[in-house]
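Since the structure comes first, as structure tokens, the remarks are kept for the end.
The values are calculated or read from the model by the stated rules, or taken from the named source; none is laboratory data. No experiment lies behind these values; they were computed from the predicted model shown. Glycine gets a Cβ as well: all are built from the backbone with ideal geometry, and neighbour counts include every protein chain shown. Just so you know, the surface numbers come from the protein's heavy atoms only, side chains and all, with ligands and any DNA or RNA stripped out. Shrake-Rupley method; radii C 1.70, N 1.55, O 1.52, S 1.80 Å.
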Amino acid sequence: MEYQLDHETLQFISLALREPSSPSRLSQAKTQAKRIIERGWAFKADVEDLLYNFDSRLGYQVDIVKFSNMLEIHWEEVFFRPSAKSNYATGLTAVRAENLTHLLISLERIGFQTHPAIFVDLLLPRIKSRIKQVLNSAELEIFWFSKTRHRYEKIFLRTQFELKTIKTIASFTTVGNYHIVVRGMNNETSQLIEISSPKFRKRPDLIPVTCKDCGHQWHKGDPESSASHRKEHKRCMYYLDPQPLVNVLKERESAQDVELVTTNSPGWKHKEMYLRARAFKREFNYDFVQWQSDKGDNDPYVHGYLFTDGLGAIVGACSFRLPQRERALQQWTLDWIWICPRERRKGHLARRWKTFRERFGNFSLTFPISAEMKTFLAKHGDLKLMEK
Ligand SMILES: [Zn+2]
């Protein structure tokens, strides 16, 4: 992480870090913290007092508003509530309690003794509450403070001036074990400060991996990405490696048209259709899923088919529709067909082809027709369907 400071601020930081620090006045700081958090805001004088109590090298000597801005932490103009009769309010510069905490975290990362945990502990319960779904950058820093503390990547503070021939003018470790190197021309003209956190470890490079079974891309070495792959893998393998389903076996005992799915079919059949329609969309990069939802499809002219195997597993699906404009002519369309890769070229479509031709006549095909499908049509003497 790199920040650009003006010359004056950089000189101040460079000298302040090299001064010995005196012990923090923690009890005063804790009282101040409570007051600031109750109000939600801190004024400039509050922040100066607070910094002085934490680390006397910081208080009163630096323009903290300007310095905060350089660290990308912003202050705002606020107003005390005016009386009902008043039409005038005086503006004051203040920083939100969360942004102040972010400032304390940043100053600690630079090598000062700013005890951010005092503020983090007070703010964290509200930030961690499940109701809060969106966090700004300050809240995010508070959210994972316990994980990132003292582990931050190297920070570079530089002036806006071009770096010429510079040398190391100081190299030391702070009481908090931050290692600091100051570079510049001489003691009065520091140009670059490098700060290393005591516990920083470079994370190993993440290796991108594509799962050969589900096709999901994830990063080896990143637990979050690995967990998201495991979840996706389980979801995809359900239709990529289908297993016999109790619902199918039960349906076989009673229903006549086990594989047919219409608007009145039970919910589980719609869920199975939707999964295959989505698999088709993904594989052929279609813009939308051609089944209304996993709860149902209210088109009275939709006829889906779940292709089941001898054991009762659903190995694929297809869907016919009778578009409104074609109803007079009864011109059906085969919208899509998807068979799981494991079961392709095993005759699942061929075994149903005769029934489809009898039921839907000379239906047309709308999807981009693959070379495989063309061969299939030729074999069945049905290339003419492509011209419909
Ligand atoms: Zn996978």
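Determine one quarter of the surface area of the Cα convex hull of the chain, which equals its mean projected area, and express it in nm² to one decimal.
Dividing the Cα hull surface by four gives the mean projection, 32.5 nm².
Among residues other than Pro204 with Cβ under 12 Å from its Cβ, the summed charge is +2 (Lys and Arg +1, Asp and Glu -1).
Enumerate the aspartates and glutamates that Lys281 could reach by cross-link, defined here as Cα to Cα under 12 Å, with residues fewer than 8 away along the same chain left out. Correct list for Lys281: Asp335.
Judged by the ratio a/c of the largest to the smallest principal axis of the C-alpha gyration tensor, the range 84-232 counts as oblate, that ratio being 1.5 or greater while a/b is no larger than b/c. The modelled label-to-label distance for the pair Asp382/Arg344, using points 7 Å beyond Cα in the direction of Cβ, is 1.8 nm. At 7 Å along the Cα-to-beta-carbon direction for both Asp257 and Asn177, put a label point, then send me their distance in nm to one decimal. Roughly 7.3 nm, to one decimal. Between Lys354 and Lys250, residue separation times 0.36 nm minus the direct Cα-Cα distance comes to 34.9 nm. Sites listed here are GluC sites (Glu not before Pro) in the range 164-236 whose DSSP assignment is loop and whose Cβ has at most 11 other Cβ atoms within 10 Å: Glu188.
You can think of it this way: the chain between His150 and Leu92 has 17.5 nm of extra reach, that is 0.36 nm per residue less the Cα-Cα gap.
Each of the peptides 12-21, 71-80, 52-61, 271-280 was scored by the mean count of other Cβ atoms within 10 Å over its residues; in descending order, highest first, they stand as 271-280, 52-61, 12-21, 71-80. Taking the protein heavy atoms of the range 281-379 in the context of the full set of protein chains, the accessible area attributed to carbon and sulfur is 52 percent at 1.4 Å. Applying the Karplus relation 6.51 cos²θ - 1.76 cosθ + 1.60 with θ = phi - 60° to the range 66-74 yields 3J(HN,Hα) values of 5, 4, 4, 4, 5, 8, 6, 10, 10 Hz, where x marks Gly and Pro. Placing R0 at 51 angstrom, the Cβ-Cβ distance between Glu72 and Asp241 gives a FRET efficiency of 0.55 after rounding to 0.05.
Ligands, DNA and RNA are left out, and with a 1.4 angstrom probe the accessible area of the chain is 57 Å² per residue.
Given +1 on the Cβ of Lys and Arg, -1 on the Cβ of Asp and Glu, and no further charges, what dipole in debye does the chain carry about its Cα centre, rounded to the nearest 20?
Value, rounded to 20: 1220 debye.
With a ≥ b ≥ c taken as the square roots of the eigenvalues of the C-alpha gyration tensor of the range 266-314, please select rounded if a/c is under 1.5 and otherwise prolate if a/b is larger than b/c or oblate if it is not? Here the range 266-314 falls in the oblate category. In this rough spin-label picture, where each label sits 7 Å from Cα along the Cβ direction, the Ser228-Lys295 distance is 2.7 nm. Here the range 90-176 was treated as a single set of alpha-carbon atoms; its pair distances binned every 10 Å from 0 give 14, 38, 27, 16, 5, 0 percent.
Remark on the range 51-97: Rg and Dmax equal 14.6, 45 Å (Cα only). By the gyration tensor of its Cα atoms, with a ≥ b ≥ c the square roots of the eigenvalues, what is the shape of the range 11-63: rounded for a/c under 1.5, prolate for a/b over b/c, or oblate? Here the range 11-63 falls in the oblate category.
Remark: for residue pairs Lys234/Lys346; Lys234/Lys384; Lys30/Lys199; Lys30/Lys154; Lys66/Lys167, the C-alpha separation exceeds 32 Å in Lys234/Lys384. Extension gain, Lys44 to Ala170: 0.36 nm times the residue separation minus the Cα-Cα distance gives 42.2 nm.
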